[in-house]
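Below is one structure; the comments refer to it alone.
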Amino acid sequence: MAASNFSRLKVDRPTLILLVFICFMSSVTAELRKEVHEYGDCKGSYQKPVGVQDGRIPNNAMTASSSNSKRPPWQARVGRSASAWSPSIQNAVQWLQIDLGDYMTVTAVYTQGRQGSDEYVREYFIEYSDDALTWRRYTNQLGIPLMFEGNKNDSALQIRTLTYPIVAKYIRFNPQRWNMVISMRVEIVGCPFVPETASFDGKSFIEFDMSRQSVQTTQDLIELRFKTGRPDGIIMYASGNQGDIIMLEMRRGYLYVKIDLGSTAEEKGLTEVKAGSLLDDNQWHDVVIRRDRNEMRIVVDRLLNEVTTKGLFYRLDLDKKMFIGGVPYFNQEGIAIKYNFVGCVQNVNLNGAKLIRDALSGTVPTISLINNVNRFCNVKSKVPVTFPTLESFIMITSTTGNVVNVDFEFRTYDTDGLLFYHKMSTDAFVKVVIDREGHVRYTVQTEENEVIEDVVRNTDVLSSVDSFTDGLWHGFFFYMDGDKINCTVDRNSKVSQRKLKLTEQSTFYIGGHELYNGFRGCMRSLYVAQRIVDLNQISGKAVVSATIGTCGIRDRYECQP
């Protein structure tokens with residue numbers, strides 16, 4: 001956690017040192033608990049190489065950021081001593097990409113250097129994707145990108161097992177440290193992934209009648225995946241006549257897991273765990289929950305929480321109904337929000353029962369599909385861009401037609417950063433920033449040197465802060481023509497009616513500018529001059545220290561145990 005992040009917590013120096021020590025010890029403890037999780041459909045005996053070595057992965061499925069003319073990416077196959085992949089540029093942003101051809105549960109990777117050359121990669125990141133446009137780095141139990149240990153010589157095969165497997169169609173190896181030059185040969189191990197998908201629209205859900213066959217357990221395993229662009233929604237809810245409940249709900253972009261194994265007048269049993277954050281990003285997230293009596297381990301995208309449940313009881317009794325995707329009414333015990341889930345849920349496993357598969361089969365009389373439960377996921381990924389430093393920005397060239405229009409979504413925890421800047425003439429410009437209070441402030445200077453300013457504040461009563469620096473996605477819209485200025489963030493608008501003289505220009509600086517502190521956070525769905533910007537087509541000098549294809553910010557207010 002950076003010092004600037006701590007400054008917002010307003011703690012004294014001894015407390016700050018204690019917080020750093022707690023986070024460090026949590027990291028050490030988490031690293032010592034590297035128990036490998038195996039999904040039932042991809043246990044050890046089912047795990048096989050995907051075919052990089054033997055050629056089942058074809059040459060055109062192996063690509064790279066750049067390549068030495070004599071060492072193309074298709075030569076990066078382990079066990080073949082003739083060559084390896086080497087990029088033409090030696091830096092830490094190079095990558096080797098493997099198209100797996102279909103979705104796979106990836107459990108391990110193999111790496112080698114270039115034999116007989118003393119060239120090999122010492123450390124690397126792994127990135128994965130569903131569409132080769134949006135990427136995520138494999139993280140550890142603290143949510144920090146995991147640096148994989150690579151090779152120690154140019155010939156030995158190094159095997160790295162993933163503590164928690166990932167589901168992906170594309171895998172990238174991103175070298176960070178190497179000997180001599182970057183040279184890699186690779187293989188990927190895993191199993192074909194068979195999706196069992198249900199899509200929900202906020203009104204639909206799946207209902208399981210458990211009154212005929214109740215669940216009474218002292219140990220539980222719940223596995224599922226979900227994908228959403230909404231910060232709030234009930235993913236799963238189950239209850240019993242004795243007051244027992246277990247549920248998963250999204251709230252303000254966080255995943256909350258709640259369980260009650262029984263309460264008494266003297267001691268309440270409801271236990272709530274904040275198990276993950278920034279999850280409303282249109283990406284798949286993996287959840288694994290294990291319970292042994294009162295001990296629970298909750299893992300969301302490898303981020304680990306271990307808790308002891310409250311109360312005197314240790315058996316879970318569910319004999320009423322279970323819901324996936326939402327509930328018919330919200331005045332039920334434990335529910336804190338009034339929104340059903342909008343998005344997709346996949347491969348739900350409850351103690352060996354495949355709930356989505358059974359529901360979609362239509363053959364189980366105790367399961368009902370309520371309203372429009374779709375069998376296909378219609379949540380599309382949005383390509384983001386991360387601005388990690390004060391100097392980061394992208395530059396867009398677009399004809400304005402005497403209208404200034406910029407539209408995007410943003411998320412951040414940082415104040416005092418430039419959202420966009422557009423110079424209209426020698427003296428005239430438009431500047432929009434997140435100010436030091438976390439509000440959105442625009443400044444327009446006209447050719448007559450008239451200065452027009454206003455501030456848009458966050459009026460969301462559910463927000464944990466009174467600003468836009470809460471880590472949630474916010475919609476930003478700016479429009480200016482000869483008659484008015486409109487600056488809108490979410491549903492908060494400031495409109496100024498006035499006559500303005502505009503000079504047509506074409507350059508827009510997004511996220512930063514050399515004259516101002518840059519925005520630190522993520523943006524997506526960018527429109528300039530009423531035209532969508534394809535972020536993957538921006539390159540070269542138009543991208544300065546920004547990362548396209550991934551949102552790299554982390555929750556700064558959570559030090560997970």
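The values are calculated or read from the model by the stated rules, or taken from the named source; none is laboratory data. All of these numbers come straight from a predicted model, not from anything done at the bench. Neighbour counts are summed over all protein chains in view; Cβ atoms, including those assigned to glycine, are modelled from backbone coordinates with ideal geometry. Remember, those area values only see protein heavy atoms, side chains included, never the ligands or the DNA or RNA. Shrake-Rupley method; radii C 1.70, N 1.55, O 1.52, S 1.80 Å.
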ask   = How much accessible area does Trp178 have with a 1.4 Å probe, in Å² rounded to the nearest 10?
value = 70
query = Could you state the number of Å between the C-alpha centres of the range 521-558 and the range 400-448?
reply = 16
request  = For Lys380, tell me the accessible area in Å² from a 1.4 Å probe, rounded to the nearest 10.
outcome  = 140
inquiry  = Residue by residue through the range 313-329, what is 3J(HN,Hα) from phi via Karplus (6.51 cos²θ - 1.76 cosθ + 1.60, θ = phi - 60°)? Round to whole Hz and write x for glycine and proline.
reply    = 10, 9, 9, 9, 10, 10, 9, 10, 9, 10, 10, 10, x, x, 9, x, 8
query = Can you give the accessible area of Lys203, probe radius 1.4 Å, in Å² rounded to 10?
reply = 150
task = Please list Glu272, Glu448, Glu249 in order of solvent-accessible area, largest first, computed with a 1.4 Å probe with all protein chains present.
result = Glu448, Glu272, Glu249
message = Using helices alone, I'd like the mean residue ellipticity at 222 nm for the chain: each DSSP H run of four-plus residues gives -39500 (n - 2.57), total over residue count, nearest 500.
response = -1500 deg cm²/dmol
query = In the range 39-134, which trypsin sites (Lys or Arg not before Pro) fall in coil by DSSP and have 13 or fewer other Cβ atoms within 10 Å?
reply = Lys43, Arg56, Lys70
remark   = For Lys48, the aspartates and glutamates lying under 13 Å Cα to Cα, once residues fewer than eight places off in the same chain are dropped, come out as Glu187
query = Taking a ≥ b ≥ c as the square roots of the eigenvalues of the Cα gyration tensor of the range 241-362, is the shape rounded (a/c under 1.5), prolate (a/b larger than b/c) or oblate?
reply = rounded
message = Pairs on different chains or at least eight residues apart, Cα atoms closer than 24 Å: how many lysine pairs in the range 318-461 fit?
response = 5
request  = Considering only protein heavy atoms, with the full assembly of protein chains and a 1.4 angstrom probe, order Arg491, Arg375 by accessible area, largest first.
outcome  = Arg491, Arg375
task = Heavy atoms only, probe 1.4 Å: what % of the accessible area of the range 447-561 goes to carbon and sulfur, would you let me know?
result = 45
